[in-house]
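Submitted below is the structure of interest, expressed as structure tokens.
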Amino acid sequence: MTNDTITQKLEQLATNAPHGLLDEVLDAVGILADEFTLVDGPTGPAYVSWSRAGVTAYVPQAIVASPEDFAAQHPRPADYVEAPPRRLAGHLDRALETGMLGKLAVDLDALGEFQRKVLEKCAEIPPGEIRPYGWIAREIGNPGAVRAVGTALGSNPIPVLIPCHRVVRSDGMIGKYAWGSAMKRELLRGEGLDPNIIEETARRGIRVVGTETTGIYCYPTCRHAKRSFSRYRVDFRSAADAEDSGYRACKVCRPAA
Amino acid sequence: MTTTVTDINWRLADDTDAAFSDLVRSLQDGIFSGALQLTRNRHDAEDVTQETFVRVYRALTGYDQQRIRNLELRTWTWTIALNLCRNRARTRSRRPEVSGVDLDRPVTNSDPGLIAADAADLEIWRGRLSRVSAPQRTAVVLHHVVGLPHVEIAEITGRTESTTRSDLRRGLAALRKIIEEESS
């Protein structure tokens, strides 16, 4: 083989870097852009963004109109794409349809530990049910942090999918929402709840309801309370009242410590 | 080319995060092609290429704008890459060979259509090059596979330009001898 043939062969050893290496690098140094697309959600069209780890944001188009606006307000670089990747698409559709995250991964890595705990707990609340802020505070082992829970939910980056609209004031009133209380009420109505009845119940001082036949008390929207017949229903002003009457707390909605 | 390189220096100095992916795009094929011959397998080459750019990024975020504008980006990146290739060769030779795993199989999802060089060819030449002395191998790979000019190779390896030229000449002669021995 002549030197020329050898150098020619050597030149042919030049190849392309593996597809995906760039993303690996950008991810390793923490600057990989999110992708986002437009989906149909319970409040109409909405932008959903994701990282490699999971969903990172949800914003209705009524709040942020154009992809450019979404990218501008997103905390990380974000590229618009036509559709979510296959690993995400099915789980995302299902989550929007059922109102539960299910197998849909969410990426909360950018948040602090407290907020992450609050949001993970919030994601456990099933559609058609509500819990007070104090419930989350208690459940995450921080019963005094009711206001902090409110703040953490107020800056939830993935509303609707992480259902902060299902968390209400401790006096039973629907309360505030990052996108206005009207949208919070609309979301709850979409899940079969009547915000007016909820607030009427709250105004009458009812916090938990018991079922005579079982001796168990629940939050009024707990699926177990809703299932029991109204003639067996007993209203209580507090969990303590229910306990005093010999009722025990429901193990599903856990209305007391 | 010169204008692009200067342009990317200014963009990196201005907004490192925004310009960094363009820097990776412009250099990754060369670094990977070279690392394929300077490490023992594809797996190591991918690791080295990735680690090179992670180090480049971390260094850039610590440099002021003036320093970034004056960087010879390709030379500097290759200095880091070559060090990693050498370290990889050293640590690997002290460890037993991994068995039962095809280390030449792509680790990341790669598009087979994009790969110009044949895997078997890569393997054969890597074998031949491994029998050439390290300085000669480095010079041959950086010049003939990656396409770097002599002056840049001299800068990267810390040798003079005339030594680099003789490394290249001797490296090619050694390769020719190895190939002749194969056929005899």
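The values are calculated or read from the model by the stated rules, or taken from the named source; none is laboratory data. From a predicted model like this one, the values you see are computed outputs, not experimental measurements. Methodologically, a virtual Cβ is constructed for each residue, glycine included, from the backbone with ideal geometry; neighbour enumeration extends over all protein chains shown.
Scanning region A:109-124 for residues that are modelled with pLDDT of 95 or more and over 15 Å from A:GLY154 (Cα atoms), which turns out surrounded by the most Cβ atoms within 10 Å (Cβ to Cβ)?
So the residue we want is A:GLU124.
What residue, of A:LEU38, A:LEU32, A:LEU104, is away from chain B (no Cβ under 14 Å), surrounded by fewer than 20 Cβ atoms within 10 Å (Cβ to Cβ) and at negative phi?
Answer to the selection: A:LEU38.
Yes or no, residue by residue, for (1) polar (S, T, N, Q); (2) farther than 27 Å from A:GLU191 by Cβ; (3) touching a residue at least 40 places away in the same chain (Cβ under 8 Å):
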{"residue": "A:GLY30", "(1), (2), (3)": "no, yes, no"}
{"residue": "A:SER51", "(1), (2), (3)": "yes, yes, yes"}
{"residue": "A:PHE70", "(1), (2), (3)": "no, no, no"}
{"residue": "A:MET100", "(1), (2), (3)": "no, no, no"}
{"residue": "A:LYS103", "(1), (2), (3)": "no, no, no"}
{"residue": "A:GLY128", "(1), (2), (3)": "no, no, yes"}
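Then there is this: Is it the case, given these coordinates, that A:ARG52 is of a type outside the set (Ser, Thr, Tyr), surrounded by fewer than 17 Cβ atoms within 10 Å (Cβ to Cβ), within 14 Å of chain B (Cβ to nearest Cβ) and in a loop (DSSP other than H, G, I, E, B)?
Considered against the rule, which asks whether it is of a type outside the set (Ser, Thr, Tyr), surrounded by fewer than 17 Cβ atoms within 10 Å (Cβ to Cβ), within 14 Å of chain B (Cβ to nearest Cβ) and in a loop (DSSP other than H, G, I, E, B), A:ARG52 comes out as yes.
Sort out which residues of region B:38-51 are touching a residue at least 24 places away in the same chain (Cβ under 8 Å) and either among the polar types (S, T, N, Q) or in the same structural domain as B:VAL140 (by TED's automatic domain parsing) (or both), and write them in order of number.
B:THR39, B:ASN41, B:THR49
So which of A:GLY134, A:GLY150 is in a helix (DSSP H, G or I) and touching a strand residue (DSSP E or B) at 6+ places or on another chain (Cβ under 9 Å)?
The unique qualifying residue is A:GLY150.
Among the listed residues A:PRO157, A:PRO127, A:PRO143, which satisfies the condition of being more than 18 Å from A:ALA53 (Cα to Cα) and surrounded by 16 or more Cβ atoms within 10 Å (Cβ to Cβ)?
Within the list A:PRO157, A:PRO127, A:PRO143, the selection yields A:PRO127.
Still on this structure, please answer the following. Pick from A:SER238, A:SER245: which is in contact (Cβ under 8 Å) with a residue 24 or more places away in the chain, closer than 23 Å to A:LYS121 by Cα, over 23 Å from the mean Cα position of the chain (by Cα) and not assigned by TED's automatic domain parsing to the domain that holds A:ILE125?
Among A:SER238, A:SER245, only A:SER238 is in contact (Cβ under 8 Å) with a residue 24 or more places away in the chain, closer than 23 Å to A:LYS121 by Cα, over 23 Å from the mean Cα position of the chain (by Cα) and not assigned by TED's automatic domain parsing to the domain that holds A:ILE125.
Which numbered condition trips up B:LEU38, out of (1) closer than 21 Å to B:ASP118 by Cβ; (2) within 11 Å of another protein chain (Cβ to nearest Cβ)?
Against the list (1) closer than 21 Å to B:ASP118 by Cβ; (2) within 11 Å of another protein chain (Cβ to nearest Cβ), B:LEU38 comes up short only on (2).
Has region A:16-25 got at least one residue that is facing another protein chain (nearest Cβ under 7 Å), under 17 Å from A:HIS74 (Cβ atoms) and assigned to a helix (DSSP H, G or I)?
Within region A:16-25 (the criterion being facing another protein chain (nearest Cβ under 7 Å), under 17 Å from A:HIS74 (Cβ atoms) and assigned to a helix (DSSP H, G or I)), the answer is no, since none of the residues qualifies.
Considering only residues that are assigned to a loop (DSSP other than H, G, I, E, B) and either acidic (Asp, Glu) or without any contact (Cβ under 8 Å) to a residue 24 or more places away in the chain (or both), which ones fall in region A:72-82?
Passing the criteria: only A:GLU82.
Determine, yes or no, whether A:TYR177 is surrounded by 14 or more Cβ atoms within 10 Å (Cβ to Cβ), out of contact with any strand residue (DSSP E or B) (no Cβ under 6 Å at 6 or more places or on another chain) and aromatic (Phe, Trp, Tyr).
yes
Using the structure shown, decide if A:ALA240 is in contact with a strand residue (DSSP E or B) (Cβ under 9 Å, 6 or more places away or on another chain) and either surrounded by 14 or more Cβ atoms within 10 Å (Cβ to Cβ) or small (Gly, Ala, Ser) (or both).
In short, no.
From the list A:ALA242, A:ALA202, A:ALA152, A:ALA225, pick out the single residue that is in contact with a Lys or Arg (Cβ under 9 Å, 6 or more places away or on another chain), at pLDDT 95 or above and over 26 Å from A:LYS103 (Cβ atoms).
After ruling out the rest, the residue left standing is A:ALA242.
Now, a different point. Could you grab the pairs with beta carbons closer than 6 Å, sequence gap of 6+ or different chains, first residue in region A:171-185 and closer than 13 Å to A:GLY150 by Cα, second one outside any helix (DSSP H, G or I)?
Correct list of pairs: A:ILE174/A:VAL168; A:GLY175/A:VAL168; A:GLY175/A:ARG169.
Kindly list the number of the only condition in (1) more than 14 Å from the chain's Cα centre (by Cα); (2) farther than 21 Å from A:THR15 by Cβ that fails for B:LEU23.
In the conditions (1) more than 14 Å from the chain's Cα centre (by Cα); (2) farther than 21 Å from A:THR15 by Cβ, B:LEU23 misses (2) alone.
Of the conditions (1) facing chain B (nearest Cβ under 7 Å); (2) in a helix (DSSP H, G or I), A:THR5 satisfies every one except a single condition; which number is it?
Only one criterion in (1) facing chain B (nearest Cβ under 7 Å); (2) in a helix (DSSP H, G or I) is unmet by A:THR5, namely (1).
Could you say which residue among B:ALA18, B:ALA35, B:ALA13 is outside the structural domain of B:VAL151 (by TED's automatic domain parsing) and either buried (at least 23 other Cβ atoms within 10 Å of the Cβ) or in contact with a Ser or Thr (Cβ under 7 Å, 6 or more places away or on another chain) (or both)?
The unique qualifying residue is B:ALA35.
While we're looking at this one, here's another question. Report, by residue number, each residue of region B:38-55 that is within 21 Å of A:ALA33 (Cα to Cα) and surrounded by 22 or more Cβ atoms within 10 Å (Cβ to Cβ).
B:THR49, B:GLN50, B:THR52, B:PHE53
Among the numbered criteria (1) among the β-branched types (Val, Ile, Thr); (2) within 14 Å of chain B (Cβ to nearest Cβ); (3) part of a loop (DSSP other than H, G, I, E, B), which one does A:VAL64 miss?
Just one mismatch for A:VAL64, condition (2).
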